[in-house]
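See structure below.
The values are calculated or read from the model by the stated rules, or taken from the named source; none is laboratory data. Just so you know, these numbers come straight off a predicted model, no measurement behind them. Every residue, glycine as well, gets a Cβ built from its backbone with ideal geometry; the counts of neighbours run over all protein chains shown. For the accessible areas, the whole protein counts, side chains as well, though only heavy atoms, and no ligand, DNA or RNA atoms are used. Shrake-Rupley method; radii C 1.70, N 1.55, O 1.52, S 1.80 Å.
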Amino acid sequence: MATSEALSAEWASKTERFFKNIKDSADVLSKEEELIQQQEGYDNMSQYYDKGTPELLGYRGHILTAEFCNKFYGNGDKNIKILDIGAGTGLVAEELRDKYGFQNIYGMDINEKLLMKAQAKNCYKGLYLGDGSNLDRLNLIFDNSFDLIVSGGTFFVSKSHPGADYFPQMCRMVKPGGRIIIVTAKAYSEEPWVEWDRIKDLERVGRIKIHPVEHVEQYKSGYDGVVLVYDVLV
């Protein structure tokens, strides 16, 4: 019988291949086809996600996301209403709650298996099961519902992951004066599928203010990261 260490190592190897295959197939698969492959991959990752992602892959996106949230809001109201997009198993929410004392956190993901693990931790006030192929489902969330949207390790990973197309909806869901904080790999932010002009257009029409990009080391083993901060103006 395989040891837990051997199974964990196998999981890490398969996970690394999963992310590489998604990147390599960007010019071959449609966004819809890639989304199916993506979700099958996350289903397979779910068993060891909590242990494997930080320990075996050296992932620190959840830690960095919570740190920057605390940087902006640590001296204020810890009951601000936060939406965590790409919540997964709740790694970001655990950091926000246990390390920094934030309590009013909601989560969203499109993978039901990961969300079931997040639900068991009781670190979210509520969870939304999204639909990666239909952003209109986000209309179920009222305008001005949140003070802050955070996302660690989710945006720009591939063309079927959240990207610039989420920004109009996020601006609608965040109250004027609120923020969006995204932490992702620097390499992901440089991929050709990232539509930066769509985000800059929102600044040009006065919807958001874009902060200078902050660079962070060791987002994940072998990857540095970027922290993207946006003030929602209207």
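At-a-glance table
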{"read-out": "Residue 97 within 12 Å of residue 153 (Cα to Cα), among the charged types (D, E, K, R) and surrounded by 15 or more Cβ atoms within 10 Å (Cβ to Cβ)", "value": "no"}
{"read-out": "Test: residue in segment 129-150 that is open to solvent by 50 Å² or more (accessible area, probe 1.4 Å), closer than 24 Å to residue 45 by Cα and not in a loop (DSSP other than H, G, I, E, B)", "value": "yes"}
{"read-out": "Cβ-Cβ under 6 Å pairs, at least 6 apart or on other chains, segment 220-234 side under 26 Å from residue 203 (Cα atoms), far side small (Gly, Ala, Ser) and open to solvent by less than 10 Å² (accessible area, probe 1.4 Å)", "value": "225/185; 232/178"}
{"read-out": "Enumeration of residues in segment 152-182 that are charged (D, E, K, R) and free of Cβ contacts under 8 Å to residues at least 60 places away in the same chain", "value": "165, 172, 175"}
{"read-out": "Residue match in segment 26-40 (condition: open to solvent by 40 Å² or more (accessible area, probe 1.4 Å) and touching a Leu at 6+ places or on another chain (Cβ under 8 Å))", "value": "yes"}
{"read-out": "Failed condition for residue 88, given (1) open to solvent by 20 Å² or more (accessible area, probe 1.4 Å); (2) assigned to a loop (DSSP other than H, G, I, E, B); (3) under 24 Å from residue 35 (Cα atoms); (4) not β-branched (Val, Ile, Thr)", "value": "(1)"}
{"read-out": "Lone unmet requirement of (1) open to solvent by 10 Å² or more (accessible area, probe 1.4 Å); (2) in contact with a Ser or Thr (Cβ under 8 Å, 6 or more places away or on another chain); (3) more than 16 Å from residue 109 (Cβ to Cβ) for residue 181", "value": "(1)"}
{"read-out": "Hits in segment 23-48 - residues which are acidic (Asp, Glu) and part of a helix (DSSP H, G or I)", "value": "24, 32, 33, 34, 40, 43"}
{"read-out": "Test set (1) open to solvent by 40 Å² or more (accessible area, probe 1.4 Å); (2) free of Cβ contacts under 8 Å to residues at least 40 places away in the same chain - residue 56 fails condition number", "value": "(2)"}
{"read-out": "Count of residues meeting criterion [open to solvent by less than 40 Å² (accessible area, probe 1.4 Å), more than 19 Å from residue 60 (Cα to Cα) and touching a residue at least 60 places away in the same chain (Cβ under 8 Å)] in segment 100-128", "value": "1"}
{"read-out": "Selected residue [of a type in the set (Lys, Arg) and part of a loop (DSSP other than H, G, I, E, B)] from 71, 78, 113, 51", "value": "78"}
{"read-out": "Residue within segment 157-171 that is in a loop (DSSP other than H, G, I, E, B), among the hydroxyl-bearing types (Ser, Thr, Tyr) and farther than 14 Å from residue 84 by Cα present", "value": "yes"}
{"read-out": "Contacts under 7 angstrom Cβ, first residue in segment 35-49 being touching a residue at least 24 places away in the same chain (Cβ under 8 Å) and within 23 Å of residue 134 (Cβ to Cβ), partner part of a helix (DSSP H, G or I) and open to solvent by 70 Å² or more (accessible area, probe 1.4 Å), 6 or more apart", "value": "43/113; 46/113; 46/117"}
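Each row is one residue, and each column tells you yes or no for (1) surrounded by 13 or more Cβ atoms within 10 Å (Cβ to Cβ); (2) more than 16 Å from the chain's Cα centre (by Cα); (3) among the small types (Gly, Ala, Ser).
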{"position": "198", "(1), (2), (3)": "yes, yes, no"}
{"position": "202", "(1), (2), (3)": "yes, yes, no"}
{"position": "206", "(1), (2), (3)": "no, yes, yes"}
{"position": "214", "(1), (2), (3)": "yes, yes, no"}
{"position": "226", "(1), (2), (3)": "yes, no, no"}
{"position": "234", "(1), (2), (3)": "no, yes, no"}
